[in-house]
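Please read the structure below before turning to the comments.
Just so it is clear, none of the values below were taken in a lab; they were calculated from the coordinates. As the structure is a computational prediction, the values presented were derived from the model and not from experiment. Counting neighbours? That spans all protein chains shown, and the Cβs are built from the backbone with ideal geometry, glycine included.
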Amino acid sequence: MPYASASTVISSIASQGDADSFRALNEEWISRLFILEEADRAVLGDPFGRIVDPGGDVLLAHEPGSGTVVGCVALLAHPDAVFELAKMAVAPAAQGHGIGGRLVAAAIDRARELGGTRLFLGTNSRLAPAIHLYEDAGFIRITRNCLPVSDYYARADILMELK
């Protein structure tokens, strides 16, 4: 059955099952392409404590009908109304159906709702489809010295900010 992304529902994390889906989707792609860092494990292991409680959010894309989580993105809160778009993943079977674009748009809207004045992200040059997605959403490349945080993922060789 073809995937129908137009009816995909995007909502905030609400349960331990959502947290488990968020962790599984991210661990799959990070482990396949890179090395799962300690910072990854900390955030993925406790999204409520590490993301939601400090003022961020995790958005999940649910498959129509079954409610299965097929995509996710996190908004990590930093001081001074700065948010980081992070931990975006779309299940391999659901890729190519616009879910990533819808997640990015929803994350931008949610960052604004949370009072964000700056939104940045780090990605890797091996993730060309994601880079195009971010550029299409209005993100531009920045240098490491422009990051609002001092310690950042080793795998992030492309840094971007929404203008």
- Message: Nearest 500 deg cm²/dmol is fine: what mean residue ellipticity at 222 nm does the chain get from its DSSP H runs of n ≥ 4 alone, each adding -39,500 (n - 2.57), divided by its residue count?
- Response: -9500 deg cm²/dmol
- Message: Running a GNM on the chain with Cα contacts under 10 Å, which residue among Asp80, Asp18, Asp40 ends up with the highest mean-square fluctuation?
- Response: Asp80
- Which FRET efficiency value, to the nearest 0.05, is calculated for Asp80 and Asp46 with the Förster distance at 22 angstrom and r the Cβ-Cβ distance? 0.40
- Query: What percent does the relative contact order of the chain come to when contacts are Cα pairs within less than 8 Å and at least six residues apart?
  - Reply: 20
- Hey, how many Å between the Cα centroid of the range 111-157 and the Cα centroid of the range 40-59? 18
- Message: Per q in 0.12, 0.16 Å⁻¹, report the Debye log10 I(q)/I(0) for the chain, using one uniform scatterer on each alpha carbon and no solvent.
- Response: -0.47, -0.89
- Do any GluC sites (Glu not before Pro) in the range 1-95 lie in a DSSP loop with no more than 15 other beta carbon atoms within 10 Å, and if so, which? Glu37
